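Take a look at the structure set out below.
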Amino acid sequence: MSQIPAQMTTPPIVEHPRITVVGTGYLGATHAVCMALLGYDVVGLDVDQAKIDQLAAGVLPIFEPDLEEKMQEALASGRLRFSTDVALAAAHGDVHFICVGTPQSKGSDAADLSYVDAAVTSLARELSRKCLIVGKSTVPIGTARRLTALVRSTAPAGDLVELAWNPEFLREGYAIKDTLEPDRLVFGAESDWARAQLAACYASIIAAGTPVVSTDLSTAELVKVAANSFLATKISYINAMAEVCEATGADVSHLALALSYDSRIGGRFLKPGLGFGGGCLPKDIRAFAHRAETLGVGQAVSFLRHVDAINQRRRQRTVDLVCELVGGQLSGARIAALGAAFKPNSDDVRDAPALDVARMLHEAGAVVTVYDPAAMANARRRYPDLSYAQSLDEAVMGAQVVVLLTEWDEFRKADPLRLGELVQTRFIVDGRHALDANRYQAAGWDYRALGRPVRAGSVTVIEFETAERTAQLGAR
Ligand code: UDX
């Protein structure tokens with residue numbers, strides 16, 4: 001950690017920089033809104049005219065608690081504008097944040113950098129004065145160095161344009177909080193000027209005591225993939241223990257609880273179940289393993305291939321559990337699939353374990369009805385062949401097995417007695433270890449969860465603390 005030096009030799013920075021945010025997806029829209037909330041004058045730039053029109057009209061195309069209201073506030077203040085005009089953005093910005101996506105490439109584990117390259121190239125062509133480009137997208141190590149050369153050779157302002165890397169760690173569902181109150185800021189930069197200019201963008205967040213780790217470009221790029229790899233590994237670790245529990249009759253949820261009391265281990269990201277999905281963790285660990293292989297250090301992170309494989313196995317094991325409950329024959333079995341999003345409080349179905357399990361059950365011949373409080377439109381677009389219900393009650397009506405795939409509060413809080421009256425048979429698979437096994441069993445349900453014995457129940461230690469602690473395991 002270092003202080004941001006304001007050295008005499010450093011060219012002057014813009015104390016209250018005008019900001020552009022290139023790419024208005026999840027990361028970019030959140031960053032643009034938060035920067036405007038912090039008092040900066042922000043232009044959000046995207047190549048998608050329809051999306052820009054929507055955002056400019058105050059409509060957020062993603063589901064993120066509070067973000068739409070905050071965006072409307074920022075638009076009304078006049079400090080936030082959206083545009084597709086690169087020349088306008090280039091003229092506006094003292095600091096340009098690159099927030100475009102880096103999805104997994106088709107047919108390879110590598111990250112697809114075409115959006116980053118296109119965004120940086122088109123912006124650089126218009127840059128005719130000193131300014132800073134800041135990468136926030138998750139990229140393979142070495143990208144920032146390559147882009148620095150690209151910018152210098154493309155921008156009319158040449159060497160006056162500098163490039164820094166400032167990875168973003170926001171979680172969907174907590175995007176505003178994670179942006180405005182981050183655990184840390186990471187600045188990868190090659191000059192004191194770039195560091196000081198970045199610090200000016202986050203002045204109030206730094207003043208609030210947020211640690212700043214100031215480092216080189218490669219380390220800044222690596223921090224992000226290392227953090228996501230660690231989180232994925234922690235989840236797959238407990239899910240690997242679940243596999244051992246399944247073979248031994250031990251109970252992984254009691255195991256996770258006992259481990260969580262060790263302050264060196266902690267309970268966050270130790271929630272067993274169906275595993276991780278979404279637009280970040282799965283593709284980031286694959287891209288990292290791929291990049292490490294091309295750098296000749298593939299062996300160092302080869303464990304990430306196992307982390308991925310453990311995670312994928314959870315999906316088939318969930319299908320197997322449903323199959324066991326219907327007597328080994330999925331064909332024609334009526335299954336209620338509760339959840340489609342990759343996690344609660346999100347409508348994101350990218351690499352969603354929930355939707356994948358629904359698809360696998362459907363492909364095995366089951367009659368699957370999916371319900372999700374927020375992700376129905378995205379799920380339907382992805383898998384139009386599945387059946388969708390308008391409500392929880394409609395989804396479970398006449399079901400032979402209910403399978404909980406995303407732990408929305410609506411499902412956690414549902415009354416097992418009432419649900420029991422709607423289903424054909426009281427069989428439930430708790431794919432997220434989110435339900436109270438005792439309550440379901442008391443209401444006559446056969447309750448099953450991955451890594452838990454057939455007659456799973458609560459731990460017999462101090463009951464109050466157990467319930468509290470178990471609820472705390474996981475992402476929050
Ligand atoms: C993640 C990182 O947390 C964030 O720092 C980064 O910027 C982007 O990627 P996000 O994709 O929003 O954020 O989801 P996260 O809350 O991390 O959850 C990822 C997946 O892991 C979800 O599918 C969730 O259900 C699963 N998970 C999480 C578990 O299976 N068990 C846990 O204990 C925690």
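Assorted remarks:
- Number of the condition not met by K136 [criteria: (1) among the basic types (K, R); (2) exposed (fewer than 15 other Cβ atoms within 10 Å of the Cβ); (3) within 16 Å of the ligand (Cβ to nearest atom)]: (2)
- In this structure, C245 does not satisfy being outside the structural domain of E168 (by TED's automatic domain parsing) and either within 13 Å of the ligand (Cβ to nearest atom) or aromatic (F, W, Y) (or both).
- Residue, nearest to G278 (Cα to Cα), within the stretch 152-170, restricted to residues that are aliphatic (A, V, I, L, M) and surrounded by fewer than 22 Cβ atoms within 10 Å (Cβ to Cβ): L170
- Considered as a group, the residues in the stretch 232-254 that are among the aliphatic types (A, V, I, L, M) and either surrounded by 20 or more Cβ atoms within 10 Å (Cβ to Cβ) or under 13 Å from I310 (Cβ atoms) (or both) include one that is farthest from the chain's Cα centre (by Cα), and that residue is V244.
- Within the option set A340, A333, A309, being of a type in the set (A, V, I, L, M) and either within 20 Å of A287 (Cβ to Cβ) or modelled with pLDDT under 95 (or both) holds for one residue only, A309.
Per-residue answers, yes or no, for (1) within 23 Å of the chain's Cα centre (by Cα); (2) without any contact (Cβ under 8 Å) to a residue 40 or more places away in the chain:
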residue: I141; (1), (2): yes, no
residue: A144; (1), (2): yes, no
residue: A157; (1), (2): no, yes
residue: E168; (1), (2): yes, no
residue: G173; (1), (2): yes, no
residue: D178; (1), (2): yes, yes
residue: R195; (1), (2): no, no
residue: I205; (1), (2): yes, no
residue: V213; (1), (2): yes, no
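- For the stretch 189-227, a tally of residues being closer than 24 Å to V33 by Cα and in a helix (DSSP H, G or I) returns 16.
- Test result for T233, in contact (Cβ under 8 Å) with a residue 40 or more places away in the chain and part of a helix (DSSP H, G or I): yes
- Qualifying position, being assigned by TED's automatic domain parsing to the domain that holds W408, part of a strand (DSSP E or B) and either buried (at least 24 other Cβ atoms within 10 Å of the Cβ) or within 15 Å of the ligand (Cβ to nearest atom) (or both), among A358, A354, A336, A341: A336
- Meeting the requirement of 2 or more residues that are closer than 25 Å to K130 by Cβ and in contact (Cβ under 8 Å) with a residue 24 or more places away in the chain, the helices (runs of 4 or more DSSP H) wholly within the stretch 1-113 are 26-37, 86-92.
The values are calculated or read from the model by the stated rules, or taken from the named source; none is laboratory data. This is a predicted model, so every value here is computed, not measured. Note: ideal-geometry Cβ built from the backbone for every residue, glycine included; neighbour counts use all protein chains shown.
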